[in-house]
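The values are calculated or read from the model by the stated rules, or taken from the named source; none is laboratory data. Small disclaimer: the values here were computed from a predicted structure and weren't measured. FYI the Cβ positions are ideal-geometry reconstructions off the backbone, even for glycines, and counts take in every protein chain you see. In case anyone asks, the SASA skips ligands and DNA or RNA and just uses the protein heavy atoms, side chains included. Shrake-Rupley method; radii C 1.70, N 1.55, O 1.52, S 1.80 Å.
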Amino acid sequence: MERPAWAPPGIDIAMPSAARINDCYLGGSYNFEADREAARRALAFLPGLPKIAQANRAFTRRAVRFAVEAGIDQFLDIGCGVPSFGAVHEVVGAAAPGARVVYVDHDPVAVAHARAVVDGEPRYDAVFADLRKPRDILGSFEVRALIDVDKPTALLLSAILHFVEDAYDPYAAVGELRDATASGSLLAVTHFSYEGIPVPQEQAAGAVGVYNDIRNPLIMRSRAEIARFFEGYDMVEPGLVPMPQWRADTELADEDPWSFSGFAGVGRKR
(Lines give C-alpha, C1' and ligand atoms only; values in the text may rest on other atoms or scores of the structure.)
Protein backbone atom coordinates (compact mmCIF):
# COMPACT_ATOMS: atom_id res chain seq x y z
CA MET A 1 0.00 0.00 0.00
CA GLU A 2 1.55 3.29 -1.13
CA ARG A 3 1.98 5.90 1.58
CA PRO A 4 0.82 9.40 0.52
CA ALA A 5 3.29 12.22 1.06
CA TRP A 6 0.77 14.10 3.22
CA ALA A 7 0.28 11.22 5.69
CA PRO A 8 1.52 12.24 9.17
CA PRO A 9 4.59 10.30 10.34
CA GLY A 10 3.91 7.23 12.42
CA ILE A 11 0.28 6.77 11.38
CA ASP A 12 -0.79 3.25 10.43
CA ILE A 13 -2.38 3.73 7.02
CA ALA A 14 -3.69 0.16 7.09
CA MET A 15 -6.00 0.95 10.05
CA PRO A 16 -9.24 2.72 9.04
CA SER A 17 -10.59 5.63 11.08
CA ALA A 18 -14.12 6.99 11.38
CA ALA A 19 -12.97 10.53 10.50
CA ARG A 20 -11.34 9.45 7.27
CA ILE A 21 -14.23 7.13 6.36
CA ASN A 22 -16.54 10.13 6.69
CA ASP A 23 -14.18 12.01 4.40
CA CYS A 24 -14.78 9.21 1.86
CA TYR A 25 -18.55 9.68 2.13
CA LEU A 26 -18.11 13.41 1.45
CA GLY A 27 -15.92 12.81 -1.58
CA GLY A 28 -12.72 14.01 0.11
CA SER A 29 -9.17 12.94 -0.67
CA TYR A 30 -7.65 12.77 2.83
CA ASN A 31 -8.18 9.05 3.29
CA PHE A 32 -6.36 5.80 2.63
CA GLU A 33 -7.33 2.63 0.77
CA ALA A 34 -8.16 0.97 4.10
CA ASP A 35 -10.66 3.76 4.80
CA ARG A 36 -12.18 3.47 1.34
CA GLU A 37 -12.55 -0.29 1.71
CA ALA A 38 -14.31 0.12 5.07
CA ALA A 39 -16.57 2.76 3.52
CA ARG A 40 -17.49 0.40 0.67
CA ARG A 41 -18.37 -2.33 3.18
CA ALA A 42 -20.60 0.02 5.21
CA LEU A 43 -22.26 1.38 2.06
CA ALA A 44 -23.28 -2.14 1.10
CA PHE A 45 -25.64 -2.03 4.10
CA LEU A 46 -26.46 1.68 4.18
CA PRO A 47 -26.07 3.21 0.70
CA GLY A 48 -27.40 6.52 2.02
CA LEU A 49 -24.42 7.19 4.29
CA PRO A 50 -23.13 10.03 2.04
CA LYS A 51 -26.53 11.73 2.30
CA ILE A 52 -26.41 11.36 6.08
CA ALA A 53 -22.92 12.88 6.15
CA GLN A 54 -24.08 15.78 4.00
CA ALA A 55 -27.12 16.39 6.23
CA ASN A 56 -24.83 16.44 9.25
CA ARG A 57 -22.56 19.07 7.71
CA ALA A 58 -25.58 21.13 6.60
CA PHE A 59 -26.99 21.13 10.15
CA THR A 60 -23.63 22.18 11.56
CA ARG A 61 -23.48 25.15 9.20
CA ARG A 62 -26.99 26.23 10.24
CA ALA A 63 -26.11 25.81 13.93
CA VAL A 64 -22.98 27.94 13.49
CA ARG A 65 -24.94 30.71 11.79
CA PHE A 66 -27.52 30.55 14.59
CA ALA A 67 -24.74 30.89 17.18
CA VAL A 68 -23.29 33.91 15.40
CA GLU A 69 -26.73 35.54 15.28
CA ALA A 70 -27.00 34.87 19.03
CA GLY A 71 -23.81 36.88 19.58
CA ILE A 72 -21.36 34.01 20.11
CA ASP A 73 -17.93 34.57 18.63
CA GLN A 74 -15.93 31.51 19.76
CA PHE A 75 -16.38 27.93 18.62
CA LEU A 76 -14.98 24.62 19.85
CA ASP A 77 -15.54 21.94 17.20
CA ILE A 78 -14.83 18.61 18.92
CA GLY A 79 -14.61 15.58 16.66
CA CYS A 80 -14.26 17.92 13.71
CA GLY A 81 -13.16 15.22 11.27
CA VAL A 82 -11.40 16.23 8.08
CA PRO A 83 -12.50 19.81 7.26
CA SER A 84 -14.13 20.07 3.85
CA PHE A 85 -15.87 22.75 1.79
CA GLY A 86 -18.14 24.79 4.07
CA ALA A 87 -16.16 23.91 7.20
CA VAL A 88 -16.86 25.74 10.46
CA HIS A 89 -14.11 28.34 10.10
CA GLU A 90 -15.37 29.23 6.61
CA VAL A 91 -18.94 29.74 7.85
CA VAL A 92 -17.68 31.71 10.84
CA GLY A 93 -15.36 33.80 8.70
CA ALA A 94 -18.22 34.82 6.43
CA ALA A 95 -20.70 35.53 9.24
CA ALA A 96 -18.45 36.92 12.00
CA PRO A 97 -14.97 37.85 10.74
CA GLY A 98 -13.59 38.41 14.24
CA ALA A 99 -14.72 35.07 15.68
CA ARG A 100 -12.38 32.29 16.80
CA VAL A 101 -12.48 28.55 16.09
CA VAL A 102 -10.55 25.62 17.56
CA TYR A 103 -10.84 22.26 15.84
CA VAL A 104 -10.36 19.13 17.96
CA ASP A 105 -9.92 15.54 16.85
CA HIS A 106 -7.97 12.43 17.80
CA ASP A 107 -7.30 11.46 14.19
CA PRO A 108 -3.83 12.74 13.16
CA VAL A 109 -4.90 13.19 9.53
CA ALA A 110 -7.92 15.29 10.54
CA VAL A 111 -5.80 17.50 12.80
CA ALA A 112 -2.99 17.85 10.27
CA HIS A 113 -5.44 18.86 7.53
CA ALA A 114 -7.26 21.26 9.85
CA ARG A 115 -3.98 22.94 10.74
CA ALA A 116 -3.08 23.17 7.07
CA VAL A 117 -6.33 24.83 6.01
CA VAL A 118 -6.17 27.44 8.80
CA ASP A 119 -2.42 28.01 8.61
CA GLY A 120 -1.52 31.67 8.91
CA GLU A 121 -4.86 32.67 10.45
CA PRO A 122 -4.34 33.53 14.15
CA ARG A 123 -8.05 33.28 14.99
CA TYR A 124 -8.23 29.57 14.09
CA ASP A 125 -6.29 26.54 15.29
CA ALA A 126 -6.50 22.75 15.72
CA VAL A 127 -5.52 20.46 18.56
CA PHE A 128 -4.95 16.71 18.79
CA ALA A 129 -7.17 15.59 21.70
CA ASP A 130 -9.96 13.16 22.57
CA LEU A 131 -13.53 13.93 23.67
CA ARG A 132 -13.19 11.16 26.25
CA LYS A 133 -10.61 13.34 28.05
CA PRO A 134 -12.20 16.81 28.31
CA ARG A 135 -9.47 18.14 30.58
CA ASP A 136 -6.90 17.56 27.86
CA ILE A 137 -9.02 19.62 25.49
CA LEU A 138 -9.72 22.45 27.93
CA GLY A 139 -6.13 22.54 29.15
CA SER A 140 -4.54 22.55 25.70
CA PHE A 141 -2.45 25.54 24.66
CA GLU A 142 -4.62 26.12 21.58
CA VAL A 143 -7.89 26.27 23.51
CA ARG A 144 -6.47 28.42 26.31
CA ALA A 145 -5.05 30.81 23.72
CA LEU A 146 -8.26 31.30 21.74
CA ILE A 147 -11.25 30.40 23.93
CA ASP A 148 -12.27 32.65 26.82
CA VAL A 149 -14.25 30.35 29.11
CA ASP A 150 -15.79 33.35 30.86
CA LYS A 151 -17.68 34.20 27.68
CA PRO A 152 -20.35 32.08 25.93
CA THR A 153 -18.90 29.41 23.65
CA ALA A 154 -20.49 27.24 20.99
CA LEU A 155 -19.61 23.60 21.58
CA LEU A 156 -20.04 21.61 18.37
CA LEU A 157 -20.31 17.84 18.82
CA SER A 158 -21.36 16.81 15.35
CA ALA A 159 -21.36 13.07 14.60
CA ILE A 160 -18.92 12.29 17.41
CA LEU A 161 -20.92 11.12 20.44
CA HIS A 162 -22.09 7.99 18.65
CA PHE A 163 -18.45 6.90 18.58
CA VAL A 164 -18.08 7.13 22.37
CA GLU A 165 -19.06 3.94 24.16
CA ASP A 166 -21.02 4.04 27.41
CA ALA A 167 -18.01 2.55 29.19
CA TYR A 168 -16.27 5.92 28.68
CA ASP A 169 -19.30 7.81 30.10
CA PRO A 170 -19.94 10.30 27.30
CA TYR A 171 -22.59 12.02 29.44
CA ALA A 172 -19.96 12.90 32.04
CA ALA A 173 -17.62 14.16 29.30
CA VAL A 174 -20.28 16.48 27.91
CA GLY A 175 -21.14 17.55 31.45
CA GLU A 176 -17.52 18.49 32.12
CA LEU A 177 -17.43 20.59 28.98
CA ARG A 178 -20.73 22.21 29.95
CA ASP A 179 -19.47 23.09 33.43
CA ALA A 180 -16.33 24.67 31.98
CA THR A 181 -18.26 27.10 29.77
CA ALA A 182 -20.17 30.25 30.62
CA SER A 183 -23.92 30.61 30.94
CA GLY A 184 -25.45 31.29 27.55
CA SER A 185 -23.07 28.88 25.81
CA LEU A 186 -24.55 26.64 23.14
CA LEU A 187 -24.25 22.89 22.64
CA ALA A 188 -24.93 21.57 19.12
CA VAL A 189 -25.20 17.80 18.72
CA THR A 190 -25.89 15.35 15.93
CA HIS A 191 -26.16 11.66 16.70
CA PHE A 192 -26.84 8.61 14.53
CA SER A 193 -29.77 6.39 15.52
CA TYR A 194 -31.76 3.45 14.24
CA GLU A 195 -34.77 5.75 14.44
CA GLY A 196 -35.49 7.27 11.03
CA ILE A 197 -33.25 5.02 8.92
CA PRO A 198 -35.27 3.98 5.83
CA VAL A 199 -34.17 0.31 5.97
CA PRO A 200 -34.81 -2.49 8.50
CA GLN A 201 -32.76 -2.29 11.68
CA GLU A 202 -31.20 -5.66 10.89
CA GLN A 203 -29.74 -4.22 7.68
CA ALA A 204 -28.47 -1.08 9.42
CA ALA A 205 -26.84 -3.28 12.05
CA GLY A 206 -24.60 -4.64 9.29
CA ALA A 207 -22.97 -1.22 8.91
CA VAL A 208 -22.62 -0.96 12.68
CA GLY A 209 -20.77 -4.27 12.51
CA VAL A 210 -18.32 -2.82 10.00
CA TYR A 211 -17.39 -0.04 12.43
CA ASN A 212 -17.08 -2.54 15.25
CA ASP A 213 -14.73 -4.63 13.10
CA ILE A 214 -12.36 -1.69 12.59
CA ARG A 215 -12.34 -0.82 16.30
CA ASN A 216 -14.43 2.34 15.86
CA PRO A 217 -17.62 1.16 17.61
CA LEU A 218 -20.78 2.91 16.43
CA ILE A 219 -23.32 3.33 19.25
CA MET A 220 -26.89 3.70 18.01
CA ARG A 221 -28.70 5.54 20.81
CA SER A 222 -32.42 6.30 20.99
CA ARG A 223 -33.85 9.82 20.85
CA ALA A 224 -34.40 9.73 24.63
CA GLU A 225 -30.78 8.68 25.23
CA ILE A 226 -29.51 11.46 22.95
CA ALA A 227 -31.68 14.02 24.76
CA ARG A 228 -29.77 13.25 27.98
CA PHE A 229 -26.70 15.00 26.57
CA PHE A 230 -28.59 18.29 26.94
CA GLU A 231 -28.91 18.10 30.72
CA GLY A 232 -28.29 21.62 32.05
CA TYR A 233 -29.32 23.19 28.76
CA ASP A 234 -32.60 24.68 27.54
CA MET A 235 -33.42 23.31 24.12
CA VAL A 236 -33.59 25.81 21.28
CA GLU A 237 -36.67 25.46 19.07
CA PRO A 238 -37.54 23.14 17.36
CA GLY A 239 -35.82 20.86 19.90
CA LEU A 240 -34.22 17.50 19.16
CA VAL A 241 -35.38 16.56 15.67
CA PRO A 242 -34.16 14.75 12.53
CA MET A 243 -31.27 16.75 11.05
CA PRO A 244 -33.08 18.39 8.10
CA GLN A 245 -35.90 19.58 10.37
CA TRP A 246 -33.68 21.78 12.55
CA ARG A 247 -34.34 25.32 11.27
CA ALA A 248 -34.50 24.11 7.70
CA ASP A 249 -33.41 26.51 4.98
CA THR A 250 -34.68 24.26 2.16
CA GLU A 251 -37.97 22.52 1.44
CA LEU A 252 -38.17 19.35 3.53
CA ALA A 253 -40.02 17.65 0.68
CA ASP A 254 -36.82 17.95 -1.36
CA GLU A 255 -34.66 16.21 1.25
CA ASP A 256 -33.43 12.67 0.64
CA PRO A 257 -35.11 10.17 3.05
CA TRP A 258 -31.66 9.10 4.28
CA SER A 259 -31.06 12.60 5.65
CA PHE A 260 -33.60 11.96 8.41
CA SER A 261 -31.46 9.21 9.99
CA GLY A 262 -30.54 10.28 13.50
CA PHE A 263 -31.17 13.49 15.42
CA ALA A 264 -29.86 17.03 15.81
CA GLY A 265 -30.42 19.72 18.39
CA VAL A 266 -29.03 22.85 20.01
CA GLY A 267 -29.24 23.74 23.70
CA ARG A 268 -28.42 26.95 25.57
CA LYS A 269 -26.69 26.63 28.95
CA ARG A 270 -28.82 27.94 31.78
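If you filter the range 196-243 for trypsin sites (Lys or Arg not before Pro), then keep DSSP loop positions with at most 16 other Cβ within 10 Å, what is left?
On the way: sites: R215, R221, R223, R228; in loops: R215, R221.
Qualifying residues, ordered by number: R215.
Quickly rank 102-112, 87-97, 40-50 as a protection proxy: mean count of other C-beta atoms within 10 Å, highest first. Please report the intermediate quantities before stating the final value.
Numbers: 102-112: 23.8, 87-97: 19.5, 40-50: 17.5.
Sorting 102-112, 87-97, 40-50 by mean packing, highest first, produces 102-112, 87-97, 40-50.
Counting only Cα atoms, I'd like the Rg/Rh figure for the chain, Kirkwood definition for Rh.
Details: Rg = 17.4 Å, Rh = 18.6 Å.
That ratio equals 0.94.
For the pair N216 and D150, how long in nm is the line joining their label points, each one 7 Å along Cα→Cβ?
With each label point 7 Å from Cα toward Cβ, the separation is 4.0 nm.
In the range 177-270, which GluC sites (Glu not before Pro) are in a loop and have at most 10 other Cβ atoms within 10 Å, using DSSP for the loop call? Let's see the in-between values first.
On the way: sites: E195, E202, E225, E231, E251, E255; in loops: E195, E231, E251, E255.
Answer by residue number: E251.
Go through the range 97-114 residue by residue and turn each phi into a ³J(HN,Hα) via Karplus (6.51, -1.76, 1.60, θ = phi - 60°); whole Hz please, and just put x for glycine and proline.
Running phi through 6.51 cos²θ - 1.76 cosθ + 1.60 with θ = phi - 60° gives x, x, 6, 10, 9, 10, 8, 9, 7, 10, 9, x, 5, 4, 5, 4, 5, 4 Hz.
What are the ³J(HN,Hα) values, in whole Hz, obtained from phi via the Karplus relation 6.51 cos²θ - 1.76 cosθ + 1.60 with θ = phi - 60°, for each residue of the range 175-188 in sequence order, with x given for Gly and Pro?
The phi angles translate into x, 5, 5, 4, 5, 8, 10, 6, 4, x, 5, 10, 10, 10 Hz.
Please work out the average accessible area per residue across the range 18-269, using the 1.4 Å probe convention, and give it in Å².
Details: 10460 Å² over 252 residues.
Heavy-atom accessible area per residue stands at 41 Å².
Using C-alpha positions alone, give me the convex hull volume of the range 55-197 per residue in cubic angstrom. Mind showing how you got there, number by number?
Values: hull volume 16.0 nm³, N = 143.
Spread over its residues, the Cα hull of the range 55-197 gives 112 Å³ apiece.
Take E237 and A95, extend 7 Å from each Cα along the Cα→Cβ direction, and tell me the distance between the two endpoints in nm.
1.8 nm
Stretched out fully, how many nm does the piece from D119 to L26 gain, at 0.36 nm a residue minus the Cα gap? Provide the component values of the computation, followed by the final result.
Values: separation 93, 0.36 × 93 = 33.48 nm, distance 2.26 nm.
Contour length minus Cα-Cα distance gives 31.2 nm.
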